[in-house]
Every structure is written in C-alpha cells, then in structure tokens.
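First the structure, in the form of structure tokens, and then the observations on it.
The values are calculated or read from the model by the stated rules, or taken from the named source; none is laboratory data. In this text, all values refer to a predicted model and were calculated from it rather than measured experimentally. Heads up, the Cβs are rebuilt from the backbone with ideal geometry, glycines too, and the neighbour counts pull from every protein chain shown.
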Amino acid sequence: MALDRWIALVLLSTCLLYGYVAWFTMDANLAPFMQRKPVWPSSFPKILSILGTALSLVILLGLEKGEQVIGEIDHRRLTDYKLGQAILMLALMVAYALCLRPLGFLGSTTAFLVAGSFILGERRWHVMIPVSLLTAGTIWYLVQEVLGIFLRPLPFFLGN
Amino acid sequence: MLEGILIGLQTALSVQNLAMVIGGCLIGTFIGMLPGLGPMSIIAIMIPIAISLGDPSAALILLAGVYYGAIFGGSTSSILLNAPGVAGTVASSFDGYPMAMQGKAGKALTIAAIASFAGGTVGAILLMIFAPMLSSVALLFHSAEYFGLMVVGLSAIAAFAGNGQVAKALLMTVLGLMMATVGLGSLFNMPRFTGGMMELQSGFGFVTLAMAMFALPEAIFLVLKPKNMGDSGGEIKDLRITRAEARAIAPVIGRQSVQGFFIGVLPGAGATIASFLGYAVERNIAPKHEQDEFGKGSIKGLAAPETANNAACTGSFVPLLTLGIPGSGTTAILLGALIALNVTPGPRLMIDEPQIFWAVIMSMFIGNFVLLILNLPLIPYIAKVLAIPRNYLIPFILFFTLMGAYIGQNNATELLLLVAFGVCGIALKFANFPLPPLLIGFILGGMMEDNFARSMQLYGGLSFIWERPMTLGILIVAVLLVLLPGIRALRLRAKGV
C-alpha cells in the first residue's frame, strides 16, 4: 500500500476518535442553559469529523484519480539518502528539549550547535566552538537582557 | 486636511522623530526576523522605552517604525528559511521560499520590500482620506460577515489542490480546523480534546505548528538530500526585477493595497485574513498558466500577501484612531501606550489633538519610506544567509525553530511537541500531502467557529446566511472564487483550446 494510503488510514483513525469524542462524550456534562442554544461546543467538531472521515476514505480507497507524484525525496529509497544524519538531528532536538532547563541555555545551545554541525560532517572545531559560543551568548543576551524573557543561562546546580 | 498634513509633517520631520523612526525600523526588522517574536511582542517590549520619551508623538512614531520593521523582518524569515514567525507572513512563504530555493532570494526580498512599501503607503493615503467615514462602515460588519470572510480566506487552499491533490488539500484543511478546536475555546469556555492535560488548555501554539510544518521538514529534507541552499543556479544577491515582472506585479499591488486596507479596517480581521484573502483572490483571478505557478515561486503569489498584510496593518489604525477600538492585538497594545501617555483615541482625537493624529499618519509614510531605503541596500547581505555552508546553516535553522516555539510558550514541553509535529510534517511531506492548507485551516479555524457560533446564536439557526445580504454576498464571492478556475477551464475546453 502506498504511503499516502497508510497516512490516510492513520488520519481516518484520528478522525474516528475525534468524532467519537465529539458525538458521544463531549456533550455529557453540558450545562442545561447551553443545551438550549442552537450551537453546542460539539457542533463544529461533529461536522469536521464527518468531513475528515469522508476525505480520509476518498484517499484510502483511491477514489480520486490523478497521477502518482513522487516528491523531491523518494520515500521508497530512503536508504539512498542521509537517513542516519536526519534521525540523529531529530534525536538531538529531543535531547535539547530535555536538557534546556537542567543544563541551562548557554551549555545546551552551544552543545546543540556543535553536535549538529558534527553530525552533518563538520570537523573544524576551531570554527564550530567559537561560532556556537558566540551565537548562544548573543541570543541569550538578546532574549533575556534586552527582551526580558527568562532563559536560565547556567545549569541548575549553579543557580540562576 | 492640508493644515493637518502640515502639522503632522512638521512633527514627524523633527530630528528627534526622524531618529525614532529610523531606530524603530531597524530594531523591528532585526528582532522581527526571530521566529516567535511578532510585531505584537516587539511593540510590547518597546512600550516602556516609548513611554519614557514623554512625548506622545515621538512615542507613536517610534512604535510605528517598530511595527513596520517587524512585519518586514517576519517576511524575511518566511522567505529565506520557510519559518513564518507570525500568522500574517505565512502566505508570504508559499511562494517566497520556493523563489529563494530557486536562487532568487534577493529578488524575492526586493519584491517583498516594494510590495510592503506600496501596501503601507497606499494604506496611509486611504487612512488619511477615508478614516472618519470608514469607522462607521466597519461597525456594519457583524460576526456573520466575519464568518463569510473566513470562508473566502479558506479558498486560498485551492492553490495547493493540484491534479490528484484535491482530497489531500481538503483533508489537510479539515485537520487544521480540527487542531484549532483543541483547548479552551474563547466562546464556549470549556476544554475540548485536551485529554485532561493542562498543557493543552490553551490549545496548540501557532509558532510551534508553523515551525513543525514548514521550517523543520524543510531542514530535515536538506539533511537527507544535501545541497547548499544558495547553490540553486541563480544569483541570490541579485535584486533586479525585470520590466515584465514589474508590469505583472503592479496590478496585484494596486488591488491588494486597497483590498488589504479595507480588510484591515474591520476590527478583528487584520493582516492574517488580509494576506490569505489577497493570495486567494489573486490566485483565482490569474490566467490558468499563472495559477499553476502559485505555490511554486510565483512573483504574484509573493506580492499579493506582502502588499495586503502591510495595507491591513495601516487599515487597523482606522478603528483605533477614530473610535478608540483596537482592531488587532498590536493596536490593542498601542492603545495601552496611548492611554499611558494621557492620550484618549476616539472621535475627538482629530479635533482635540490634531498634531498626534496627523503625526501618526505622517510617520506611517516616513516609516515606510525609511524602511525601503534602509532595507534595499541590506537585502544582498540578508540574502547571503543562504550562502552559509549547510553544515552550519541547518543546525542554526533547527535551533531557531526550537527558540521560536520556546519563546512563544516559555515551556520545554512545547519543544517535544514541536519535534513530534515535525515528524508528522515530514511523513506528510513524503506522501505529498500539501502542508500550507493545514496551517490555513488552523489559523482561520478558531475565528471561523467563533463567528459561526455567534451568528447561529443571534439568528437561532442558519438564517443569517440569507437574512443578511452582505453575508450572502461574501459567501457568493467565496463560492465564485472556488468555482471560477473550473468554469474557466470548462470554457477553454469547450472552445477546444
């Protein structure tokens, strides 16, 4: 089965679940005065669940005619591309999200930028490290000191 | 009016105020490039500085410069990195980013600068002439008409519904509309689809979704298929627009300056709807061969939303200055600044304090002009961002997507949500599902549902559609905009073309 049909199957399940909540559970605790109104909180979601289900089925059953278009990357030959690098970059983003608070902005950001360049094949440490440090410092100064949005600069064990 | 213009010019052209407008434009442009920091946040940040000036005219001139600069800065990150930081610049990325990828980054930024200048300037002229009478027209628009406008805005998705793609584009729109229903709705005030999670009470963050659907998949695709963004064959620093291109975009800029301004006048409509509406209208009235170019790097597709969002920003000053009603989040903050400076906007502002009223209008002209002459020489340098080697540029793009999501919500969970949505965006892109309709649906969904529900409650059902001629008219326009390309294609086929 083509990837777009797999995705349509996932979206169909999502629409059915969304529809189940809209049709069967959302109105359970609706206040009496709300029940007298012509529009309920579930009205719009109910319409959307029907539309979403119908459209997912159109794609899943291949009812729409049109030539199969392969995007700029052919997902059937993923191993021909730099798949490992892409997965590592996504993993690095997750690690950044988890480390931002405990390790502080400056350390996490510098490590993210250095590790990102390293994963992509950069080995000039004398460029990578100063550029990353400078970027982390500048952005921190701009966001925290100029714009007043709190970003803990240092790890939690070194205080704020 | 002439006397007022002279008073305004005298105030706006003082050395101090000129320095304010130049400083404001520069600050706005550079901070506006950071995803997640839209005009509203930047103006809010600048308010203490503006108030400390003590002079309402100088303060407003500074804030107007920041406002225009921030809008242009937002367009820059949309065009160069496909990272729209605010909803009003999403439509600019539809064609601006493909242009940048084709090696026409300089040209795209030049078109954006010129279109913004034209939109802002024509808007300021219209504001000067029509402000008093438009304020009463704006009040004729009720939720039913707003609902109609959202439907017209949704017709912009037609640009992404190519051969065999109609169901996919519609499904993405519905998915966006569904995502907009998550959280504590403003009208019903009850949590929906949150699964009991407190983090979802305020719904999904716009910046998170925009970064996850646009910038993140693009960056990961660049990792998968290595190429430097600047080596697409064109000269990225080249700013020149040919005579034919200028002739092509001139009518678009003319139409969208006027349309965008009038949309901006309506309280609550603003730059976002104006940009989508502008994109939809221009795409649907374009000849068939040009329609196919929309979404793939059309200069008209870039000029239309850029002009419309700037004209709308100017239009949003009409209800603020003449009625004291803030028509958008940004003008609400400006209203706060005015009140802090002991100025009460409203019908008497023009009579009691003409120097402030006219100085604001004159500062719009000057702000737009300064922005153009400051930015045109900077464009070659800004466009050079794309020439940074891939090994450095991609981690930077990913870092900025993370920062955009983090600044918007100040919550590390949002970063995990960004990666999760990003993976979904990548999968959808692999399978050729168009992603812009999802974001269009998400942005317009909340406003659409609120206005639909309000109209239903006021009229006790769907009768508002035929009982309000203006709503019926707008909805007919929406249907025509969707059907027009099909009718045109049928006529051409009948003629055997």
Q) Among the candidates B:175, B:187, B:209, which residue alone is touching a residue at least 40 places away in the same chain (Cβ under 8 Å), under 26 Å from residue A:40 (Cα atoms) and within 22 Å of the chain's Cα centre (by Cα)? A) B:175
**Q.** Extreme residue, farthest from residue A:131 (Cα to Cα), among residues of the range B:379-396 that are surrounded by fewer than 19 Cβ atoms within 10 Å (Cβ to Cβ), more than 14 Å from chain A (Cβ to nearest Cβ) and touching a residue at least 40 places away in the same chain (Cβ under 8 Å)
**A.** B:380
Q: Hey, could you check the range A:78-91 for residues that are in a helix (DSSP H, G or I) and under 16 Å from residue B:217 (Cβ atoms) and say which is modelled with the lowest pLDDT?
A: A:78
Q) What number of residues within the range B:397-414 are farther than 19 Å from residue B:222 by Cα, within 24 Å of the chain's Cα centre (by Cα) and of a type outside the set (Phe, Trp, Tyr)? A) 8
Q: Keeping to the range A:129-160, report how many residues are closer than 16 Å to residue B:397 by Cα and facing another protein chain (nearest Cβ under 8 Å).
A: 3
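Give the residue that is nearest to residue B:34 (Cα to Cα), with candidates limited to residues of the range B:397-432 that are of a type in the set (Phe, Trp, Tyr) and more than 7 Å from every other protein chain (Cβ to nearest Cβ).
Here the residue is B:400.
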**Q.** Filtered residues of the range B:287-340 (kept if in a loop (DSSP other than H, G, I, E, B) and over 14 Å from residue B:249 (Cβ atoms))
**A.** B:287, B:292, B:295, B:296, B:316, B:324, B:325, B:326, B:327, B:328
Q | Every pair of residues 6+ apart whose Cβ atoms lie under 9 Å, when the first sits in the range A:64-89 and is more than 7 Å from every other protein chain (Cβ to nearest Cβ) and within 27 Å of residue A:114 (Cβ to Cβ) while the second is outside any loop (DSSP other than H, G, I, E, B) and at pLDDT below 75 | A | none
(Q) Give me the helices (runs of 4 or more DSSP H) completely within the range B:383-487, filtered to those with at least 2 residues that are closer than 30 Å to residue B:166 by Cβ and modelled with pLDDT of 85 or more, ordered by residue number. (A) B:413-430, B:436-459, B:464-467
Q. Here are B:96, B:103: which of them is over 26 Å from residue B:359 (Cβ atoms) and part of a loop (DSSP other than H, G, I, E, B)?
A. B:103
Q | Of all residues making up the range B:231-285, the number that are modelled with pLDDT of 85 or more and of a type in the set (Ser, Thr, Tyr) | A | 4
Q.
I'm checking my understanding of the structure. Among residues of the range A:10-60 that are polar (S, T, N, Q) and under 25 Å from the mean Cα position of the chain (by Cα), which one is surrounded by the most Cβ atoms within 10 Å (Cβ to Cβ)?
A. A:56
Q | Sole exception among (1) more than 25 Å from residue B:340 (Cα to Cα); (2) assigned to a helix (DSSP H, G or I); (3) among the hydrophobic types (A, V, I, L, M, F, W, C) for residue B:60, by number | A | (1)
Q. Where residues in the range B:267-311 are over 19 Å from residue B:77 (Cα atoms) and under 9 Å from the mean Cα position of the chain (by Cα), which of them is surrounded by the most Cβ atoms within 10 Å (Cβ to Cβ)?
A. B:274
Q: Within the range A:44-58, identify whether any single residue is in a loop (DSSP other than H, G, I, E, B) and more than 7 Å from every other protein chain (Cβ to nearest Cβ), and answer yes or no.
A: no
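Yes/no per residue for (1) over 22 Å from residue B:217 (Cα atoms); (2) under 16 Å from the mean Cα position of the chain (by Cα):
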residue	(1), (2)
B:61	yes, no
B:88	no, yes
B:105	no, no
B:109	yes, yes
Q) Looking only at the range B:247-262, which residues are of a type in the set (S, T, N, Q) and crowded, with 24+ Cβ neighbours inside 10 Å? A) B:256, B:257
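Looking at A:130, A:102 in this structure, which one is part of a helix (DSSP H, G or I), touching a residue at least 24 places away in the same chain (Cβ under 8 Å), surrounded by fewer than 14 Cβ atoms within 10 Å (Cβ to Cβ) and not basic (Lys, Arg)?
That would be A:102, the only listed residue that is part of a helix (DSSP H, G or I), touching a residue at least 24 places away in the same chain (Cβ under 8 Å), surrounded by fewer than 14 Cβ atoms within 10 Å (Cβ to Cβ) and not basic (Lys, Arg).
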Q) Of the residues that sit in the range A:90-128 and are facing chain B (nearest Cβ under 7 Å) and among the small types (Gly, Ala, Ser), which one is nearest to residue B:225 (Cα to Cα)? A) A:121
Q: Considering each residue of the range B:40-72, count those that are away from chain A (no Cβ under 14 Å) and either surrounded by 24 or more Cβ atoms within 10 Å (Cβ to Cβ) or touching a Phe, Trp or Tyr at 6+ places or on another chain (Cβ under 7 Å) (or both), and give that number.
A: 14
Q: Among the residues of the range B:84-98, count how many are under 16 Å from residue B:438 (Cβ atoms) and modelled with pLDDT under 85.
A: 3
Q.
Any residue that is within 14 Å of chain A (Cβ to nearest Cβ) and of a type in the set (Phe, Trp, Tyr) - is there at least one of those in the range B:13-30?
A. yes
Q. Give me the pairs: first residue in the range A:1-30 and more than 8 Å from every other protein chain (Cβ to nearest Cβ) and among the hydrophobic types (A, V, I, L, M, F, W, C), second residue surrounded by 14 or more Cβ atoms within 10 Å (Cβ to Cβ) and not in a helix (DSSP H, G or I), beta-carbon distance under 6 Å, and six or more apart or on different chains, which are they?
A. A:22/A:42
